[in-house]
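**Q** After the structure tokens below, expect a handful of questions from me.
The values are calculated or read from the model by the stated rules, or taken from the named source; none is laboratory data. All figures in this text were calculated on a predicted structure; none of them were measured in a lab. Counting neighbours? That spans all protein chains shown, and the Cβs are built from the backbone with ideal geometry, glycine included.
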Amino acid sequence: MIASISLAAILAYIQSTVVPASALFVWCSLTVLASLLRIGLVFSPHSPQPSGNATRTQLRWFRFGVIVAGAVWGSAGFLLFPDQHPRHAMFLIFVLAGMTAGGVISFSADLFSAIAFSVLLSLPITLRLFAEGDSLSVAMAVAVLLYLGFMIMSMRRINRNVSENITLHLDAGKREKEMRESEERYRLLLRHLPVGIFHYDTDLIITFCNDRCAIMLRNSVDCIVGLDLTHLKDRSILPSLFKALKGEMSHYEGRYQATFSNAEGWIYMTCAPVLDDSGHIVGGIAIVQDVTEHKAAEEKINNLAFYDPLTELPNRRLLLDRLQQALASSARSGREGALLFIDLDNFKTLNDTLGHDMGDLLLQQVAQRLTACVRQGDSVARLGGDEFVVLLEDLGEYDLKAAAQTESIGEKILATLGQPCQLGAHEYRCTPSIGATLFNGHQLTKEELLKQADIAMYQAKKASRNTLRFFDQQMQDAVTARVALEDELRKAIQRKQFRLLYQIQVDRLVRPLGAEALIRWQHPERGLMSPDQFITVAEETDLILPIGQWVLDTACAQLKTWQQDACTRNLVLAVNVSAKQFRQADFVARVQATVQHHAIDPALLKLELTESMLLENIEDTISTMNALKEIGVQFSLDDFGTGYSSLQYLKRLPLDQIKIDQSFVRDITSDSSDREIVGTIIAMAQNLYLGVIAEGVETEEQRQFLVGKGCEQFQGYLFGKPVPAEQFAAELITVVDASLDQEDAKERL
């Protein structure tokens with residue numbers, strides 16, 4: 001722009017002597033205004049990062065300025081053209097041609113601006129030359145047009161080249177920026193990676209180290225860069241570093257002690273060679289991971305998998321592994337081993353009374369004492385709950401010697417565990433039941449050995465507790481039979497193989513009062529089985545619950561049938577209830593639902609309960625009984641005298657009747673002790689306003705004695721055996737006839 005203003009001033013000065021002053025003034029004024037306009041456009045505020053719309057607006061203003069400048073310079077072809085001065089005319093044409101060439105260079109980036117400037121500048125002088133009319137002027141006009149055409153073609157080539165150069169420049173700048181950003185990201189990535197990274201040269205000098213690596217080495221990046229790796233305190237990683245310098249990938253995993261501190265951890269390192277452009281090794285790069293926490297977690301998981309977290313003893317999994325090894329060792333050496341299965345007596349009671357914290361404390365003390373009792377090389381494991389197992393190895397080559405050693409260690413365990421344990425403020429004496437089994441080689445599997453020791457332990461618990469029992473085959477046979485019986489019981493429930501028999505109950509005049517429902521199992525192979533052959537297994541396996549519900553439902557259905565007959569409508573039916581059945585949370589609701597379903601009089605339903613079940617959770621027992629008493633259900637205390645009832649509890653229970661156990665009735669005619677016991681029971685019941693029924697009455701002498709003592713109700717073979725419901729009617733007629741005969745005899749007397 002300065003060159004344009006300077007050239008305009010020179011042109012005005014040269015032409016001032018040959019053109020009118022008014023024309024010169026007008027052109028100079030236009031030139032000044034055009035220059036001011038362009039200066040204003042140049043210095044107008046621009047956005048540092050203009051948007052697309054702003055850029056297009058700036059381009060329009062730029063083109064407007066170019067058009068104004070081209071028009072002003074083009075007007076010189078009219079205003080400053082001298083008529084009679086050829087040299088001044090030639091000077092004007094020369095200046096305009098130069099300006100055209102300058103415009104080509106200046107505005108080549110925008111083809112429209114370059115062409116517009118050149119056309120506006122050249123067209124007026126061309127028209128003026130044509131207007132002169134002489135051949136020279138016309139020739140000069142044609143020459144100007146040819147020059148303009150040449151310049152336009154040149155403009156297109158120059159514009160294309162400039163555009164390409166600008167594009168290349170922008171692309172290069174963009175790539176350079178992206179490269180710088182990529183390098184910065186790479187540096188940031190390396191510096192802040194969660195793993196340690198360092199570069200080293202062929203002399204094992206560290207040339208780069210990221211922050212994580214510095215943290216792992218317990219020092220700053222500045223101190224580590226330049227470190228000679230051959231001077232490391234722990235040289236265990238050097239072989240891997242050297243391998244990378246030989247062109248090999250290498251790895252190291254193990255413990256490592258930091259050079260700048262005594263800190264030790266577990267690392268995993270991968271090393272790789274670094275090559276230059278020609279493929280020569282110029283150093284190595286190492287990626288280091290601190291896996292100390294990972295290793296600690298692995299160790300913790302391993303402990304959880306193989307050790308009991310409470311006692312820190314081996315668990316079942318580790319015990320089975322050690323037992324398998326012991327069997328293999330025994331097979332090689334021919335020496336015996338033993339397995340002791342230990343269960344703490346009454347541990348559940350301790351948890352219920354003192355709480356689980358005290359129970360856990362006891363288990364920890366037991367674990368410590370067991371470990372102290374065994375030899376080095378023996379194993380103590382906790383299977384769960386209050387069950388422990390001791391594995392003894394290398395006991396000798398003979399059964400008797402091995403058994404003697406096992407018994408000696410078992411007695412030591414009994415004595416040690418029998419010492420009082422201090423559980424907080426409580427002193428507790430622990431007693432164990434121990435089952436033992438011997439092994440030699442692979443005669444039995446580890447699971448079979450554990451099963452044998454478990455069976456022996458249960459025999460010890462049944463015997464007297466706080467004792468040791470060795471496994472024998474009779475135990476195994478009993479357990480096998482029990483398992484088979486359990487399986488058959490399940491099938492019996494599904495196949496409805498149970499039957500109810502009814503044994504009549506009478507008063508002192510042998511008049512029918514009711515009956516007791518007695519369950520039998522119609523076994524397809526063993527025939528009719530009594531309850532003492534299967535009820536214990538049913539109670540231990542919870543099969544008693546569906547069986548008990550079936551008994552209750554069937555008995556109520558029979559009561560419904562009896563209520564429809566005038567001869568039996570007033571009979572009371574006694575139904576035995578198991579402890580587990582009675583302890584069900586919804587037992588009351590089940591009884592109510594059954595009574596309602598069969599639409600029976602609940603006063604004719606009598607539930608027989610045993611002493612032991614009544615005294616467990618006495619408050620809950622009373623609550624359950626009262627809930628059923630409210631709807632009319634009666635209660636009888638079964639087998640009275642065989643348990644451990646106290647008068648304090650007995651008078652609190654909402655009972656209606658006491659049943660004297662047949663074990664006392666059997667010998668009352670010959671045993672004075674039984675006579676005294678029976679007399680006391682009857683007197684006590686009368687004082688408590690409770691009814692009394694004697695079961696197992698088989699002779700008239702027994703009945704006469706009981707009548708003499710005040711017993712009012714009787715049950716036994718003297719009056720009738722348990723029979724199916726369809727035979728019960730005939731049994732009832734027989735009893736009624738006997739009752740009538742007895743009344744007639746009394747009247748005759």
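**Q** Might you check whether a residue that is of a type in the set (A, V, I, L, M, F, W, C), in the same structural domain as T17 (by TED's automatic domain parsing), outside any helix (DSSP H, G or I) and under 29 Å from P20 (Cα atoms) occurs anywhere in region 116-130? Before you say what the answer is, go through the steps one by one.
**A** Step one: of region 116-130, the residues of a type in the set (A, V, I, L, M, F, W, C) are 116-117, 119-121, 123, 125, 127, 129-130.
This time we only want the ones that are in the same structural domain as T17 (by TED's automatic domain parsing), so: 116-117, 119-121, 123, 125, 127, 129-130.
Restricting the remaining residues to those that are outside any helix (DSSP H, G or I) gives none.
So far as region 116-130 goes, no, none of its residues is of a type in the set (A, V, I, L, M, F, W, C), in the same structural domain as T17 (by TED's automatic domain parsing), outside any helix (DSSP H, G or I) and under 29 Å from P20 (Cα atoms).
**Q** Identify, by number, the condition in (1) free of Cβ contacts under 8 Å to residues at least 40 places away in the same chain; (2) touching an Asp or Glu at 6+ places or on another chain (Cβ under 6 Å); (3) polar (S, T, N, Q) that Q503 doesn't meet.
**A** The single condition Q503 does not satisfy is (1).
**Q** If you scan region 537-556, which residues turn out to be among the aliphatic types (A, V, I, L, M), farther than 18 Å from L607 by Cα and in a helix (DSSP H, G or I)? If you could, list the steps in order and put the result at the bottom.
**A** Here is the first cut: in region 537-556, the ones among the aliphatic types (A, V, I, L, M) are 537-538, 543-545, 547, 551-552, 555.
Imposing the further condition that a residue be farther than 18 Å from L607 by Cα reduces the set to 537-538, 543.
Listed by number, the residues that qualify are V537, A538.
**Q** Of the conditions (1) modelled with pLDDT of 80 or more; (2) polar (S, T, N, Q); (3) in contact with a helix residue (DSSP H, G or I) (Cβ under 7 Å, 6 or more places away or on another chain), T207 clears all except one; give me its number.
**A** The single condition T207 does not satisfy is (3).
**Q** Exactly one condition in (1) touching a Phe, Trp or Tyr at 6+ places or on another chain (Cβ under 8 Å); (2) surrounded by 21 or more Cβ atoms within 10 Å (Cβ to Cβ); (3) not aliphatic (A, V, I, L, M) is false for R63; which is it?
**A** In the conditions (1) touching a Phe, Trp or Tyr at 6+ places or on another chain (Cβ under 8 Å); (2) surrounded by 21 or more Cβ atoms within 10 Å (Cβ to Cβ); (3) not aliphatic (A, V, I, L, M), R63 misses (2) alone.
**Q** Being out of contact with any Lys or Arg (no Cβ under 6 Å at 6 or more places or on another chain), of a type in the set (A, V, I, L, M) and under 23 Å from S408 (Cβ atoms) narrows it down to one residue among A463, A484; which is it? So that I can check it myself, show each step before the final result.
**A** Working: A484 fails: under 23 Å from S408 (Cβ atoms).
The match here is A463.
**Q** Could you list, in sequence order, the residues of region 210-229 that are modelled with pLDDT under 85 and either of a type in the set (V, I, T) or over 23 Å from M249 (Cβ atoms) (or both)?
**A** D211, A214, I215, R218, N219, S220, V221, D222, C223, I224
**Q** Still on this structure, I have one more. Consider A463 against the criteria (1) out of contact with any Asp or Glu (no Cβ under 9 Å at 6 or more places or on another chain); (2) within 21 Å of D321 (Cα to Cα); (3) of a type in the set (G, A, S); (4) without any contact (Cβ under 8 Å) to a residue 40 or more places away in the chain: it satisfies all of them except one. Which criterion is unmet?
**A** (2)
**Q** Need pairs with beta-carbon distance below 9 Å; first residue closer than 15 Å to L637 by Cα and in contact (Cβ under 8 Å) with a residue 60 or more places away in the chain and within region 670-694, second of a type in the set (A, V, I, L, M, F, W, C) and surrounded by 12 or more Cβ atoms within 10 Å (Cβ to Cβ); sequence gap 6+ or separate chains.
**A** Matching pairs, first to second residue: I693/L513; I693/A574; I693/I658; I693/I660; I693/C711; I693/F714.
**Q** What about G424, is it out of contact with any Pro (no Cβ under 9 Å at 6 or more places or on another chain), touching a residue at least 12 places away in the same chain (Cβ under 8 Å), within 22 Å of P309 (Cβ to Cβ) and assigned by TED's automatic domain parsing to the domain that holds L449? Spell out the reasoning first.
**A** Values: out of contact with any Pro (no Cβ under 9 Å at 6 or more places or on another chain): yes; touching a residue at least 12 places away in the same chain (Cβ under 8 Å): yes; within 22 Å of P309 (Cβ to Cβ): yes; assigned by TED's automatic domain parsing to the domain that holds L449: yes.
In short, yes.
**Q** Being within 16 Å of L501 (Cα to Cα), assigned to a helix (DSSP H, G or I), in contact (Cβ under 8 Å) with a residue 40 or more places away in the chain and among the aliphatic types (A, V, I, L, M) is true for just one of L573, L559. Which residue is that? Quick ask: steps written out before the conclusion?
**A** Details: L573 fails: assigned to a helix (DSSP H, G or I).
Testing whether each residue is within 16 Å of L501 (Cα to Cα), assigned to a helix (DSSP H, G or I), in contact (Cβ under 8 Å) with a residue 40 or more places away in the chain and among the aliphatic types (A, V, I, L, M) leaves just L559.
**Q** Quick check: anything in region 436-450 surrounded by 17 or more Cβ atoms within 10 Å (Cβ to Cβ), modelled with pLDDT of 85 or more, closer than 15 Å to V366 by Cβ and among the hydrophobic types (A, V, I, L, M, F, W, C)?
**A** Among the residues of region 436-450, not one is surrounded by 17 or more Cβ atoms within 10 Å (Cβ to Cβ), modelled with pLDDT of 85 or more, closer than 15 Å to V366 by Cβ and among the hydrophobic types (A, V, I, L, M, F, W, C), which makes the answer no.
**Q** For L509, indicate whether it is at pLDDT below 95 and in a helix (DSSP H, G or I). Outline the logic, then answer.
**A** Working: at pLDDT below 95: yes; in a helix (DSSP H, G or I): no.
No.
Conditions (1) polar (S, T, N, Q); (2) out of contact with any strand residue (DSSP E or B) (no Cβ under 9 Å at 6 or more places or on another chain), marked per residue:
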site: R526; (1), (2): no, yes
site: M529; (1), (2): no, no
site: T541; (1), (2): yes, yes
site: Q549; (1), (2): yes, yes
site: A555; (1), (2): no, no
site: Q558; (1), (2): yes, no
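**Q** Restricting attention to region 437-466, which residues are over 35 Å from the mean Cα position of the chain (by Cα) and part of a loop (DSSP other than H, G, I, E, B)?
**A** Filtering region 437-466 down to residues over 35 Å from the mean Cα position of the chain (by Cα) leaves 437-444, 452, 455-466.
The answer is N440, G441, H442, Q443, L444, S464, R465, N466.
**Q** Restricting to region 710-720, what's the tally of residues that are in a loop (DSSP other than H, G, I, E, B) and surrounded by 13 or more Cβ atoms within 10 Å (Cβ to Cβ)? Even if it seems obvious, please write down each step before you answer.
**A** First, pick out the residues of region 710-720 that are in a loop (DSSP other than H, G, I, E, B): 710-712, 716-720.
Restricting the remaining residues to those that are surrounded by 13 or more Cβ atoms within 10 Å (Cβ to Cβ) gives 710-712, 716, 718-720.
Result for region 710-720: 7.
**Q** Output the residues belonging to region 377-416 that are surrounded by 14 or more Cβ atoms within 10 Å (Cβ to Cβ) and within 21 Å of P309 (Cα to Cα).
**A** Within region 377-416, D378, S379, V380, A381, R382, L383, D386, E387, F388, V389, V390, L391 meet the criteria.
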